[in-house]
1. At what distance in nm do the modelled label points of T142 and E54 sit from each other, each positioned 7 Å from its Cα along Cα→Cβ?
2. Based on the Cβ-Cβ distance of K402 and K77, what FRET efficiency does E = 1/(1 + (r/R0)^6) give at R0 = 45 Å, to the nearest 0.05?
3. Would you mind listing how long region 144-263 runs along its three principal axes, going by Cα atoms, in whole Å with the largest first?
4. Work out the length of the dipole vector of the chain about its Cα centre, built from +1 on the beta-carbon of each Lys and Arg and -1 on the beta-carbon of each Asp and Glu, and round it to the nearest 20 debye.
5. Can you tell me which aspartates and glutamates have their Cα less than 14 Å from the Cα of K294? Leave out same-chain residues fewer than eight positions away.
6. Summing +1 for each Lys or Arg and -1 for each Asp or Glu, what net charge is found among the other residues whose Cβ lies under 13 Å from the Cβ of P261?
7. In what sequence, largest accessible area first, do Y105, Y120 appear using a 1.4 Å probe?
8. How big is the accessible area of D281 in square angstrom, nearest 10, if you roll a 1.4 angstrom probe over the protein chains?
Amino acid sequence: MYNKTLKSSRPHIGIFGRRNVGKSSLINVLSGQDVAIVSNHAGTTTDPVSKIMEIHGFGPVVIIDTAGIDDTGELGKLRIDRTLRIIDRIDIAILVLDSNTFGDYEKNLVELFKGSHIPYLIVHNKSDIAPIDIELFKSLKTDYSVDIIDFSTVNKENIETIIDSMRRITPPSMFKNPTILGDFVTYGSLVLLVTPVDLEAPEGRIILPQVQTIRDCLDNDCITLIVKERELDAYWAKIGINPDLVVTDSQVFLKVAASIPSHIPMTGFSILFARLKGAFDEYLEGTPHIRRLKDGDRVLIMESCSHHVAADDIGRVKIPRWLTNFTGKKLEFEFAAGLDNPLRPITDYSLVVQCGGCMVTKKQIWQRLKPAIEAGIPVTNYGMAIAFCLGIYERAISLFTKGNVSTNNYI
């Protein structure tokens, strides 16, 4: 199964092709390790398998080994379906073929890559047995205008050519670590992070958005203070210095807003991640549609990781309660966990609420939201929806709507 807890900053690379063309062997050569099971028996890889690895000369990546696109039988159809679903979760693709075979299976994959705007390259494997035919090479080059590399996992020639091609087609944004709040602070800025410790916080740790925001503060040379919401009064009593920026967990927006003077910029971790990972402009447009919800409307809440559902779960309990209380309507709520698709056609929903997406990539968030955006379904984000329901939405987003900060750079 696809591991939904992979680090989101790494490029996700999908390896596709028919059974027994050497997809797993290619992964082992790229990593320099035996990380994928290799066998002469066709169909050894039965499910998408993700590997976190370092490719020399490229960097840290997540490579996803997939089942053969030509699998057979009822079980084979299920494997193919899982393989195709991976396309929406990757940043680049490698299409592997051998024996100069390029037919409908490969053509269909290429069309899917194009439809999802996935850059790709073609590797003709087992060149030690049968080098690529010059006519096939010319035909593919003419028809698809992509890199086509003759390769053998036995002698490993052209491995650097493959890595160079991967580097060239990978979106430049994947090699960058965009700042979470660096465009709001300067050297020595005092940032106050309000981090509740509740049932959803893992024991002995804090949640990932808070961890990543702390690191971003340090990277931007900020003075960072961390308190729980119950210690805000003690902060003012003992320190009493106005912070340059306050970031809080969305669930305690009201308490923090009441304790922080209105002239001090304040936002939420989830809203910062909405800008970092999500369709922020679409969230800004979609969030006010909350007030237009009617009795019987369906709301889809999309979580991007699988987790233990606590008794007062933010996505499955608190947000439905806030939305219901704010609208006063009888709403129906449905949930899509991990990167799974919703149960119904997207047009059956009146609103989509996406989590912050700390565990997934920007591409994966976009692919998840794309059907709703294209269908004209309003989309919002956990933190933005909570702020709207609590009546402090304008304050929570004012940091991003002053006209001096771009939102599109993060989408």
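The values are calculated or read from the model by the stated rules, or taken from the named source; none is laboratory data. Here the structure is a predicted model, which means the values were calculated and not measured. Glycine gets a Cβ as well: all are built from the backbone with ideal geometry, and neighbour counts include every protein chain shown. Areas reflect the complete protein model, heavy atoms only, side chains present, ligands, DNA and RNA absent. Shrake-Rupley method; radii C 1.70, N 1.55, O 1.52, S 1.80 Å.
1. 4.5
2. 0.30
3. Computed over region 144-263, the largest-to-smallest principal extents equal 69, 33, 24 Å.
4. 800
5. Here the aspartates and glutamates satisfying the reach criterion relative to K294 are E332, D348.
6. Local net charge: 0.
7. Y105, Y120
8. Solvent-accessible area, nearest 10 Å²: 50 Å².
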